[in-house]
Amino acid sequence: MLAVLAALLVPLDGSGALLDGVGAMGDSLTDEYEFSGLSAGRNWLEQLALRRGVNFGSRSATPRPEPRRAGYEFNWARSGATSATLLSDGQHTGLAEQVAAGTVTLAYLGIGSNDFGFSYDSIYDGRLVGAGLDAFVAAIGDNVRTALDAVSARGPVKLVIGNVPDYGAAPTLRLLFPDAAKRKRVTDATVAANAKIRALAVVRGIPIVDLFAFANAIFLEEGRLVVGGVEIDLTGSGSDPRNLFLADGIHPGSVAQGLIANVFLEAIRQAYVSTVAARSDQEILRDAGITPPPGPETFYNVKRFVDLAGSPLVLTQVAVGGGYTTAFTLLNTGAAAAAGRLELFDTAGKPFSVRLEDGTTVQEGSSFSISIPVAGMRVYSAAREGALGVQNGWARIETTGGSVGAVATFALTSGSALRTIAGVLGAQAVPAATIPVENDDARERFTGFAVANPGTENIEIRLRTLAQDGSLVDDLVPDRLKLAAGAQTAVFLHEIVPGRLRFRGSMVLEATSGEKFSVVALVQASGLLTAIPVVPQKSPR
């Protein structure tokens, strides 16, 4: 079976196929149910090992040394683990050794639920608040960073990360903690922790299994779960597989875990070109002990629970003041409502304050809450009153739920006359990009670009120009393309290489150390601007 599986996978690097060895770090959601007192069900990892032949290492019914019990060789997850005990127990260092040995080529990290579970009442009651709560959230982010860094530093390994579900979405928690305003305190802290996890995923290009959106969709947005025509009881717990929860009322049963397994498969399909088949609703039901109704195979929609960050949308060029305004148009094509933030930064990476209007309200600031209903659209118009000259920057849009696309349209007006207008598509950060160039100073046609560094580390971007036959013309790392964290710059090619006032070919931008940046290309012709496509890759030459 494993040989057949390997043949279906696309090799990603010299270490072999994606699923040669799959490791895991985490808590009871990932620790084998069979050996953690939850044998009435099977979790996502067990289901993939048993039904898709995913190689989590050899299975042993004899307990392994701490921090693990019995189970699969590459699974370091342990029931009850917090982000802190994951580190103190050595989950990350144990898995890192397996990466170094070349036996693990893909690793999953899902941690943080117990951090909130053990502190839920303290946050709910207001005993953990202010600076203490900020430190609590920051510690989760720091611990996740440490685990990711330890594993990725030891060898070539692809990563997947799960975020933290909202305990307050579950019916049982709403009964135990009935005050909605107090539950929101915990929800807000969970959102803040997930934002830190997402920021780490963004910098590293790690896909996210969005457990927060998964729980919210089932409990809050839809209020039901129907899999293959069978309704799952959201409030029930016990050995009946039609109950969402096992007998402890906390851990999801085999059906919900089967859906989480499919979210994981969808994440590695989208991010890493895996072709391992998803489990059909009927297969999940049968394995859980439920006879599905007759009919064709169906698949519960889990694509909405994959976040390719971790990948926020970056709008690389924003212009306000001096007659310029920028309109942000956001559309939600997903099956769930989207909510998040629109954040603006100046060329130095500092908060970029603007006046933002949405047709009904006017706000001042650099960070704004946004929400887009299913199939909905929102337009936010940014301006900078009193600015004598144009002020440039960039914007980042981070959302949970839904599937959001964005366009930033900046326009220059003089009185009532429109002087120029250009639209910039929201895009994810890339490690390299290629831009076509057709410069001709006699026709006043010039190619330029804007680049932004959305990450938390300084980057340097190499610029190469290629002639039409593909031969190398220029190769340099200009000072303009040495960007601090959060910085942005906009420049014409001929401002960096004066000899390219008249040039036809292409230019390639590539981060020197593999970091990611956002880029948009602009052409100025006779004083008018227009955006042109950027190819988000480069030639292998």
**Request:** Any residue in the stretch 463-479 that's farther than 13 Å from V508 by Cβ: show its pairings with residues that are in a strand (DSSP E or B) and of a type in the set (D, E, K, R) at Cβ separation under 7 Å, as long as the two are six or more apart or on different chains.
**Result:** Q468/R504
**Message:** On the basis of being on the phi < 0 side of the Ramachandran plot, in a helix (DSSP H, G or I) and surrounded by fewer than 19 Cβ atoms within 10 Å (Cβ to Cβ), does A256 make the cut?
**Reply:** no
**Cβ-Cβ under 7 Å pairs, at least 6 apart or on other chains, the stretch 410-438 side more than 26 Å from T465 (Cβ to Cβ), far side part of a loop (DSSP other than H, G, I, E, B)** = L412/G323; T413/G323; S414/G323
**Asked** Quick one: is L95 within 20 Å of D20 (Cα to Cα), assigned to a helix (DSSP H, G or I), aliphatic (A, V, I, L, M) and under 26 Å from the mean Cα position of the chain (by Cα)?
**Response** yes
**Positions within the stretch 190-229 being in contact with a helix residue (DSSP H, G or I) (Cβ under 6 Å, 6 or more places away or on another chain), hydrophobic (A, V, I, L, M, F, W, C), in contact (Cβ under 8 Å) with a residue 60 or more places away in the chain and more than 19 Å from P312 (Cβ to Cβ), in sequence order** = F214, V227
**Asked** Out of the residues in the stretch 502-522 that are surrounded by 15 or more Cβ atoms within 10 Å (Cβ to Cβ) and not in a strand (DSSP E or B), which is farthest from the chain's Cα centre (by Cα)?
**Response** E515
**Message:** With the structure loaded, tell me whether D166 is in the same structural domain as S88 (by TED's automatic domain parsing), closer than 23 Å to N453 by Cβ and not aliphatic (A, V, I, L, M) or whether it fails that test.
**Reply:** no
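Test A319 against the stated conditions and say whether it is within 23 Å of the chain's Cα centre (by Cα) and among the small types (G, A, S). Lay out the reasoning, then the answer.
Numbers: within 23 Å of the chain's Cα centre (by Cα): no; among the small types (G, A, S): yes.
Answer is no for this residue.
Every residue in the stretch 64-85 that is in contact with a Phe, Trp or Tyr (Cβ under 8 Å, 6 or more places away or on another chain) and either surrounded by fewer than 22 Cβ atoms within 10 Å (Cβ to Cβ) or part of a loop (DSSP other than H, G, I, E, B) (or both), please. Please lay out each step first, then the result.
Applying the first criterion (in contact with a Phe, Trp or Tyr (Cβ under 8 Å, 6 or more places away or on another chain)) to the stretch 64-85 yields 67-75, 82.
The answer is P67, R68, R69, A70, E73, F74, T82.
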**Message:** Which numbered condition in (1) in a strand (DSSP E or B); (2) modelled with pLDDT under 95 is the only one that G249 fails?
**Reply:** (1)
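Answer yes or no: is there a residue in the stretch 442-449 that is surrounded by fewer than 18 Cβ atoms within 10 Å (Cβ to Cβ), small (G, A, S) and touching a residue at least 40 places away in the same chain (Cβ under 8 Å). Talk me through it step by step, then tell me what you get.
Within the stretch 442-449, the subset surrounded by fewer than 18 Cβ atoms within 10 Å (Cβ to Cβ) is 442-445.
Still in the list and also small (G, A, S): 442.
Now drop any that are not touching a residue at least 40 places away in the same chain (Cβ under 8 Å), which leaves 442.
Yes, the stretch 442-449 has at least one match.
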**Prompt:** Would it be correct to say that L200 is touching a strand residue (DSSP E or B) at 6+ places or on another chain (Cβ under 9 Å), assigned by TED's automatic domain parsing to the domain that holds A256 and either closer than 30 Å to L285 by Cα or buried (at least 16 other Cβ atoms within 10 Å of the Cβ) (or both)?
**Reply:** yes
**Pick from the stretch 145-202, criterion touching a Phe, Trp or Tyr at 6+ places or on another chain (Cβ under 8 Å) and part of a loop (DSSP other than H, G, I, E, B), ranking: nearest to L308 (Cα to Cα)** = N163
**Prompt:** How do the strands (runs of 3 or more DSSP E) wholly within the stretch 261-348 filter down when requiring 2 or more residues that are more than 17 Å from L48 (Cα to Cα) and polar (S, T, N, Q): which remain?
**Reply:** 313-320, 324-332
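Does any residue of the stretch 349-371 turn out to be under 24 Å from the mean Cα position of the chain (by Cα), in a loop (DSSP other than H, G, I, E, B), surrounded by 15 or more Cβ atoms within 10 Å (Cβ to Cβ) and aliphatic (A, V, I, L, M)?
Restricting attention to the stretch 349-371, the residues satisfying the condition of being under 24 Å from the mean Cα position of the chain (by Cα) are 349-352, 366-371.
Subsequent filtering for residues that are in a loop (DSSP other than H, G, I, E, B) retains 349-350, 352, 366.
Still in the list and also surrounded by 15 or more Cβ atoms within 10 Å (Cβ to Cβ): 349, 352, 366.
Adding the requirement that they be aliphatic (A, V, I, L, M) leaves none.
No: the stretch 349-371 contains no residue that is under 24 Å from the mean Cα position of the chain (by Cα), in a loop (DSSP other than H, G, I, E, B), surrounded by 15 or more Cβ atoms within 10 Å (Cβ to Cβ) and aliphatic (A, V, I, L, M).
Looking at V451, V407, V424, V437, which is the one that is part of a strand (DSSP E or B), more than 23 Å from the chain's Cα centre (by Cα) and not acidic (D, E)?
Values: V451 fails: more than 23 Å from the chain's Cα centre (by Cα); V407 fails: more than 23 Å from the chain's Cα centre (by Cα); V424 fails: more than 23 Å from the chain's Cα centre (by Cα).
Going through V451, V407, V424, V437 in turn, the sole match is V437.
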**Request:** Sort out which residues of the stretch 404-438 are of a type outside the set (V, I, T), surrounded by 16 or more Cβ atoms within 10 Å (Cβ to Cβ) and farther than 28 Å from G321 by Cα, and write them in order of number.
**Result:** P431, A432, A433, E438
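The values are calculated or read from the model by the stated rules, or taken from the named source; none is laboratory data. Bear in mind that the values here come from a model prediction, so they are computed numbers and not experimental data. Backbone-built Cβ (ideal geometry, glycine too); neighbour counts: all protein chains shown.
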